[in-house]
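Undergrad: Handing you this structure, nothing more for now.
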Amino acid sequence: MNKERLSKKNWFIITLFCFMGGIAWNTENMYFNTFITNEIYADVSQAAIRGTMEATTAVARMVALSAIAAVVTTFIMGALSDKLKNRKMFISVGYILWGIVTAMFGFITKDNIANLFNLSDETKILGCTVWFVILMDIVMTFMGSTSNDAAFQAWVTDVTVPKQRPIVETVLSVVGTISSLAVTGVGSFAQAGTISYKLFFGGLGIIVTLCGVVGLFLIKDPPRTIQSQSSSSYWADLFYGFRPSVIKENARLYLALLAFCFAIIAFQVFYPYLLTYVQYVVLPDNGGVENILKAPVIITAVVVVVILLACIVTLLKLSTTKRGFCLVTGVIVLTLGFFLLSTSTSIYVILISIVPVVLGNALVNILFGAAVKDFIPEGKAGLFQGIRMIFSVMLPMIIGPVIGDKACQYAAQTIVNEVGAEVIVPAKNMFLWAGIVCIFALIPLFFLIRKGVETPEKNIEVTENE
């Protein structure tokens, strides 16, 4: 028996935990980076910067080490959640601790670090503060990857069947975008100095923790999780996805992950630096916020949104029968958008470029996300979450920011901080490199289409949690 509809409660859980997970991830991925530039590097001397690292390098190292932590965590905790057959506790307790660690970031200052380690040398204070931020980011990543990447993603796979997953992935993508906009809306006040980073991190941390508390009462593990059988040991499960026989048997899964990897690497070339780029490059080049909030710009933005919604809906309908065509279209459109962004900092060029970038990114994320879930062997969702994270998180977040950092240092665009030191900020050439990387996604995608990217519907019994 194959039930075609998810229960209302499961839809609520998927939406709530996706939104709150997006709040936490976007806070980390977007505003820890601005926190480093705007707070940690705001009043340090040129000598201290030269004695430690540039702000863009600090961001690249933080993102890379966080990605490694995310993958290691997902491997360990994903296999463990399969073995213990209890994703509920991993999700709920993980979200509670995730929020607490997020709130703690507001207390990281150079003064507090100097007092904690009894430091007086400015270079050592800056270095220790940067590495303390990176260490705390790793701790936060452990909590987020345990609850969201390892347990929640596997739970979503367990409660859905292939026919449901494109719409579920669409909802996850839309809700993720909304959470990103929500964080950006609140975070812009912290970035501008209107509210403190302590209040910003603390407030968002509290609501993520409350979400975890709600999960203790709402989430139930489906029968597919509870009744799954595994005769192998925990350590065998941990390295299951690396077996040559498993890779050969699930070639479509690994090809989909490889193509997805190139697309996400391209995104990570600029994403960690995006808000800093807007703050220090786009806004000044366009005369500040006052000029951007004029009628012609607002009208252009509205037109862009309407076009985006129409294109996304049309292509998602087409993707139900022509997934391969839509994936190729998504990658090509995304690449063209990156190239267009690299040509100018004009707000009108940026708004026009948003159409292909957002459209391509939506198609890539939704369709690859659904394909990966479809190609995971039945009953082994937890075993493959770590493999998924290698391609979708670790490799992109190690390689992408390094390419972006090199692009920014090559352009050598700088600002002068409060004490007269020059700090390197992102430049538009990072989008050119993002486009070049994105092109490579077409290679594994070609072989995936040859093997068959469409997935036949499986006859799976799914008992809804009412």
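We did not get these values from a lab; they are worked out from the coordinates using the rules stated. As the structure is a prediction and not an experimental result, all values here were calculated from the model. Counting neighbours? That spans all protein chains shown, and the Cβs are built from the backbone with ideal geometry, glycine included.
Undergrad: Please list 3J(HN,Hα) in residue order for segment 32-45, calculated via the Karplus relation 6.51 cos²θ - 1.76 cosθ + 1.60 where θ = phi - 60°; whole Hz, with x for glycine and proline.
TA: Ordered by residue, 3J(HN,Hα) equals 5, 5, 5, 4, 5, 6, 7, 10, 5, 9, 5, 9, 9, 7 Hz.
Undergrad: Applying 1/(1 + (r/R0)^6) with R0 = 22 Å to the Cβ-Cβ distance of Leu216 and Ala182, what FRET efficiency is obtained, to the nearest 0.05?
TA: Rounded to the nearest 0.05, the efficiency is 0.40.
Undergrad: While we're on this one: Ranked by Cβ crowding within 10 angstrom, fewest neighbours first, how are Phe132, Phe368 ordered?
TA: Phe132, Phe368
Undergrad: Compute, for the chain, the length of the dipole vector about the Cα centre, with Cβ point charges of +1 (Lys, Arg) and -1 (Asp, Glu) only. Units Debye, rounded to 20.
TA: Here the chain has a charge dipole of around 1420 debye.
Undergrad: Put a dot 7 Å past each Cα toward the Cβ at Ile100 and Arg50; how far apart are the dots in nm?
TA: 4.4
Undergrad: Once the principal axes of the Cα atoms of the chain are found, what is the range along each, listed largest first in whole angstroms?
TA: Largest to smallest, the principal-axis extents are 68, 50, 40 Å.
Undergrad: What are the residues whose amide H is under 5 Å from the amide H of Thr414, where those residues sit 5 or more places off or on another chain and H is modelled from the backbone?
TA: Val425
Undergrad: Between Phe117 and Ala412, 0.36 nm times their residue separation minus their Cα-Cα distance comes to what?
TA: Extra length from Phe117 to Ala412 when fully extended: 102.8 nm.
Undergrad: Please give the residues of segment 353-374, grouped as numeric ranges, whose backbone N is less than 15 Å from a label point set 7 Å along the Cα-to-Cβ vector of Ala192.
TA: From segment 353-374, the list is empty.
Undergrad: Continuing with the same structure: Can you give me the span-like helices of the chain, meaning DSSP H runs with 15 Å or more of Cα extent along the axis and Kyte-Doolittle mean at or above 1.0?
TA: Counting only whole DSSP H runs, the qualifying helices are 55-84, 87-104, 122-144, 165-192, 197-218, 251-270, 295-319, 323-341, 347-375, 429-439.
Undergrad: Over the chain, what relative contact order in percent results from Cα pairs under 8 Å that are six or more residues apart?
TA: Normalised by residue count, the contact order of the chain is 31 percent.
Undergrad: Counting only residues 5 or more places away or on other chains, whose amide H sits under 5 Å from the amide H of Asp43 once H atoms are built in the peptide plane?
TA: none
Undergrad: With the crude spin-label approximation of a point 7 Å out along Cα→Cβ, what separation in nm comes out for Ser7 versus Glu290?
TA: That separation, rounded to one decimal, is 5.7 nm.
Undergrad: A follow-up question, please. Under a plain spin-label model, where a point goes 7 Å from the Cα along Cα-to-Cβ, how far apart in nm are Val297 and Leu199?
TA: Label at Val297, label at Leu199, 2.5 nm between them.
Undergrad: Using the count of nearby Cβ atoms within 10 Å as a rough guide to exposure, how do Ser346, Ser392, Ser120 rank from fewest to most?
TA: Neighbour counts put them in this order, fewest first: Ser120, Ser346, Ser392.
Undergrad: Cα centroid distance between segment 171-200 and segment 50-87, in Å?
TA: Result: 22 Å between the Cα centres.
Undergrad: What lysines could a cross-link reach from Lys220, if we take a straight Cα to Cα line under 25 Å and drop same-chain neighbours fewer than 8 places away?
TA: Lys3, Lys8, Lys9, Lys83, Lys85, Lys88, Lys163, Lys373, Lys380, Lys458
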